[in-house]
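Read the structure below first, then the notes.
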2 protein chains.
Amino acid sequence: MNGQTGALLTDLYQLTMLQAYHREAMSGTATFELFVRKLPPNRNFLVAAGLEQLVDFLENFGFSGEECEWLGTLGYFAPEFIDYLSGLRFTGDVHALPEGTVFFQNEPIIRVTAPISEAQIVETRLINIVQLQTMIASKAVRSVLAAPGKLLVDFGLRRAHGAEAGLMAARASYLAGFDGTSNVLAGKRFGIPIYGTMAHSYVMAHDDEAEAFEQFAESLPGNALLLIDTYDTVDAAGKVVALAPRLAEKNIPVKGVRLDSGDLAELAKSVRSILDGGGLSGCSIFASGDLDEHELSRMLETGAPIDGFGVGTRMTTSQDMPYLNCAYKLQEYAGRPRRKRSKGKESWPGRKEVYRYYDDNGHMRHDMIAEEGEPGMEGEPLLVQAMAGGQRRGGRETLTAMRERLRDQLQRLPPALKSIRESAVHPVLISDGLRRLTERMDRARL
Amino acid sequence: MNGQTGALLTDLYQLTMLQAYHREAMSGTATFELFVRKLPPNRNFLVAAGLEQLVDFLENFGFSGEECEWLGTLGYFAPEFIDYLSGLRFTGDVHALPEGTVFFQNEPIIRVTAPISEAQIVETRLINIVQLQTMIASKAVRSVLAAPGKLLVDFGLRRAHGAEAGLMAARASYLAGFDGTSNVLAGKRFGIPIYGTMAHSYVMAHDDEAEAFEQFAESLPGNALLLIDTYDTVDAAGKVVALAPRLAEKNIPVKGVRLDSGDLAELAKSVRSILDGGGLSGCSIFASGDLDEHELSRMLETGAPIDGFGVGTRMTTSQDMPYLNCAYKLQEYAGRPRRKRSKGKESWPGRKEVYRYYDDNGHMRHDMIAEEGEPGMEGEPLLVQAMAGGQRRGGRETLTAMRERLRDQLQRLPPALKSIRESAVHPVLISDGLRRLTERMDRARL
């Protein structure tokens, strides 16, 4: 999906619409906005992510010669339209919430302003890119809130929905505050710290569990996390204690153990006591297996002595809500605002900006969605320009900067919104200007 | 993710385990099996898919020079191990359920037999590939069962979890019996029929809805599906009727209309009556918007005159269960069966085969999981050899053949299992031989 081969990953209707625009010589400037209509249940806020990959896509947008040739064989498209397609690039402007920004329902995350065909043809992949990481970051941050100070590692690659999902979930969860990932390619591609333990198969391939522990510890001196639940967790903890002196003679400390099944909180207590009793108080306990923010919270509330967690499938698939109710809608064409009135899917018209207001303690008080440039707005405007004339603007941001942005915003989030159990609603107000515009358009049936 | 660049998309522990195996000179033959421990709620059966992409991955498996160099910088791996990695290929055998095969809990979907390091290192991506398509095919087939004889089109790309998820969901849903996809790249890559309509933005970019319909119909003569819910669905149906004679003069029939919001079943009835009253009985009605098998079934039960459906997000994300509880487990090493006994995650040991038994009407009666080569099995063995010595065996199968396999199997599935509302359990028996082996191992604590 590199270079100019990503453009064909789109819905057929984008191309048939483009052909109609081309035939009608409709080339006016359009503004589209991507927003989430409604927060999912169990999400008091969302976290914007995926902008970097979106800009990469838009900068390299185009159809290859071979793709154009193939499109020509479908019978839908006239040769002159295919010619036009072959030269099509994205030359527009993009405004966006910087990655790591907390946001709420109806707020534009991405605003694209470009000749209508360019703004239209990028829709499918734009949503595909931004929705995925935003959804995962918004899920992962809940584990971060549930387990403050604990080591959190993304373990979700195997059950992610394909290669890109696994890679981007590693990025999005790191952005949300995870400490790292098991995903080696994500480590190489994004510089995310990578973590690993051992699998049951390694233990099972050896005739003796203790022998497996010893060999693995020697193979990865000082870095081995020993998986102790293949047969009997408590039993295996004893084997680790028995093994420790032999390893110590070789100057190999036992770094930690991993629990992956059973009652993790209870087992952690037993294992902690066995390790401590055997002089291994420096050996950490890492837990994994069907975890999510609710499990983390529950275990930590019982005082489970667990130092870190591998959070996998449920985070990587956003299991409790594996999509966002998002839409990319035309807001303005040729200088005139537009509004969809489909039942239950009405949108606020025009080019918009989001302003954030804080109380005296620096906590977010409310947001306001307003017309771009609407006078009288005193809040902090949230959208920044990410592309100008089809080019990335302002250079690439580091993942570290995005993590810091989110961390800072979490501190300014009203505490009720940070609950992973209780629902709380952040007020998102609609400006007077936007209300007036909408009423005017509804009266005129525009 | 082509050629030899897919190997790094793995969990770090696969590499650290490989280094340990390398150091221990453990190179015996291992058999791993991929299976689903438990069917998800709302799934009476699953559909195997993704084998073709798995074999592509295994045939091309390898680390590039640049990847090896990078791995060398991590501090975990010795130079001689990196050397070994750089030459590592997959040379094993693979047995698998052919794509489109119906299967149940605990039945091996994929069985890999190879030197242990090869069988181990491919684990993460193997699960990642097979889980995704199997999950989607198993979800999509429920829409096929819910709407027999209706046109079903995958509309899910935009909210799929990334590029590969969107592409593979198009493939898996087509395999499951969908008629096509909106995904253009899936059409090119897999020869899947592609379908498209028009978006609200196209209508909104025009000052007049009827003008938008006319232009679009002229741009795509005879193939235009007009989206009629942007402002008022019933109103717009009238505009289509009014427009039809003008189009007819140009020999352009009105192929169909699409509804995307509101009470689809009720609106379809109103629209059908308006179209029929206007002499457009040949104009079909296509519906989309938050659909899944339950919605399809509900609408069709009310007699909604809908000819086809765009099924998107909920299918593509397998919304009600976005992962399968699957595992890839070591079953045998160096000629000896192995068994995991982790609490709640116990597995049946040894190399296995699945046999299917039918009743006198040709309906599936039960399956039996047995030891490979266990005597006395009279059922139909389900696993076929997909790779031998690291090479694809038997050539590529067409998607059409897979669709036919599934269609045939659906006819032989007991009717209760085909319900999308009621749970029904297909008996999966464990052979005497497998039970005896397990007992023997448990007694010996192996």
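The values are calculated or read from the model by the stated rules, or taken from the named source; none is laboratory data. Every value quoted in this text rests on a predicted model; they were computed, and no experiment measured them. Cβ placement follows ideal geometry from the backbone for every residue including glycine, while neighbour counts extend to all protein chains displayed.
Listing for the model above:
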quantity: Residue among B:365, B:298, B:351, B:341 that alone is in the same structural domain as residue B:37 (by TED's automatic domain parsing) and out of contact with any Phe, Trp or Tyr (no Cβ under 6 Å at 6 or more places or on another chain); calculated: B:351
quantity: Residues located in segment A:422-434, provided they are surrounded by 14 or more Cβ atoms within 10 Å (Cβ to Cβ) and either over 32 Å from the mean Cα position of the chain (by Cα) or at pLDDT below 95 (or both); calculated: A:433
quantity: Enumeration of residues in segment A:14-40 that are farther than 24 Å from residue B:155 by Cα and part of a loop (DSSP other than H, G, I, E, B); calculated: A:24, A:25, A:26, A:27, A:28
quantity: Qualifying positions in segment A:102-159 - part of a loop (DSSP other than H, G, I, E, B) and either touching a residue at least 60 places away in the same chain (Cβ under 8 Å) or under 19 Å from residue A:56 (Cα atoms) (or both); calculated: A:104, A:105, A:106, A:107, A:108, A:109, A:122, A:147, A:150, A:155, A:156
quantity: Selected residue (only one of A:109, A:121, A:116 is at the interface with another protein chain (Cβ under 8 Å from one of its Cβ atoms), of a type in the set (A, V, I, L, M, F, W, C) and out of contact with any His (no Cβ under 9 Å at 6 or more places or on another chain)); calculated: A:116
quantity: All positions within segment B:165-180 that are within 20 Å of residue A:326 (Cβ to Cβ) and either in a loop (DSSP other than H, G, I, E, B) or of a type in the set (Asp, Glu) (or both); calculated: none
quantity: Any hit, segment A:233-251, residues being within 12 Å of chain B (Cβ to nearest Cβ) and in contact (Cβ under 8 Å) with a residue 40 or more places away in the chain; calculated: yes
quantity: Condition met for residue B:69 (outside any helix (DSSP H, G or I), of a type in the set (Asp, Glu) and out of contact with any Phe, Trp or Tyr (no Cβ under 7 Å at 6 or more places or on another chain)); calculated: no
quantity: Strands (runs of 3 or more DSSP E) wholly inside segment B:308-408 containing at least 1 residues that are hydrophobic (A, V, I, L, M, F, W, C) and over 22 Å from the mean Cα position of the chain (by Cα); calculated: B:325-333, B:364-371, B:384-388
quantity: Any hit, segment A:371-386, residues being more than 29 Å from residue A:142 (Cα to Cα) and buried (at least 22 other Cβ atoms within 10 Å of the Cβ); calculated: no
quantity: Members of segment B:177-197 that are in contact (Cβ under 8 Å) with a residue 40 or more places away in the chain and either among the basic types (Lys, Arg) or buried (at least 20 other Cβ atoms within 10 Å of the Cβ) (or both); calculated: B:177, B:178, B:182, B:192, B:195, B:197
quantity: Any pair with Cβ under 7 angstrom, 6 or more apart, that starts in segment A:6-29 at a residue that is assigned by TED's automatic domain parsing to the domain that holds residue A:82 and ends at one that is surrounded by fewer than 20 Cβ atoms within 10 Å (Cβ to Cβ) and of a type in the set (D, E, K, R); calculated: A:8/B:188
quantity: Sole exception among (1) over 19 Å from residue B:185 (Cα atoms); (2) assigned by TED's automatic domain parsing to the domain that holds residue B:413; (3) among the β-branched types (Val, Ile, Thr) for residue B:141, by number; calculated: (2)
quantity: Hits in segment A:218-232 (condition: touching a strand residue (DSSP E or B) at 6+ places or on another chain (Cβ under 6 Å) and either more than 10 Å from chain B (Cβ to nearest Cβ) or of a type in the set (A, V, I, L, M, F, W, C) (or both)); calculated: A:225, A:226, A:227, A:228
quantity: The listed residue being without any contact (Cβ under 8 Å) to a residue 60 or more places away in the chain and either hydrophobic (A, V, I, L, M, F, W, C) or in contact with a helix residue (DSSP H, G or I) (Cβ under 9 Å, 6 or more places away or on another chain) (or both), out of A:277, A:344; calculated: A:277
quantity: Options B:397, B:404, B:372: the member that is in contact with a Gly (Cβ under 8 Å, 6 or more places away or on another chain), in contact (Cβ under 8 Å) with a residue 60 or more places away in the chain and under 30 Å from residue B:43 (Cα atoms); calculated: B:404
quantity: Which numbered condition residue A:318 misses (of (1) in contact with a Leu (Cβ under 8 Å, 6 or more places away or on another chain); (2) at the interface with chain B (Cβ under 10 Å from one of its Cβ atoms)); calculated: (1)
quantity: Options B:327, B:304: the member that is more than 10 Å from every other protein chain (Cβ to nearest Cβ) and not aromatic (Phe, Trp, Tyr); calculated: B:304
quantity: For residue A:41: the one exception among (1) crowded, with 19+ Cβ neighbours inside 10 Å; (2) at pLDDT below 95; calculated: (1)
quantity: Qualifying residue in segment A:122-136 (condition: among the basic types (Lys, Arg) and either out of contact with any strand residue (DSSP E or B) (no Cβ under 9 Å at 6 or more places or on another chain) or at pLDDT below 95 (or both)); calculated: yes
quantity: Selection status of residue A:82, hydrophobic (A, V, I, L, M, F, W, C), in a helix (DSSP H, G or I), surrounded by fewer than 24 Cβ atoms within 10 Å (Cβ to Cβ) and in contact with a strand residue (DSSP E or B) (Cβ under 6 Å, 6 or more places away or on another chain); calculated: no
quantity: Which listed residue, of B:55, B:94, is modelled with pLDDT of 95 or more, more than 14 Å from chain A (Cβ to nearest Cβ) and assigned to a helix (DSSP H, G or I); calculated: B:55
quantity: Qualifying residue in segment A:196-211 (condition: more than 23 Å from residue A:280 (Cα to Cα), of a type outside the set (Gly, Ala, Ser) and more than 9 Å from chain B (Cβ to nearest Cβ)); calculated: no
quantity: Some residue of segment B:146-169 being over 30 Å from residue B:134 (Cβ atoms), of a type in the set (Asp, Glu) and more than 9 Å from chain A (Cβ to nearest Cβ); calculated: no
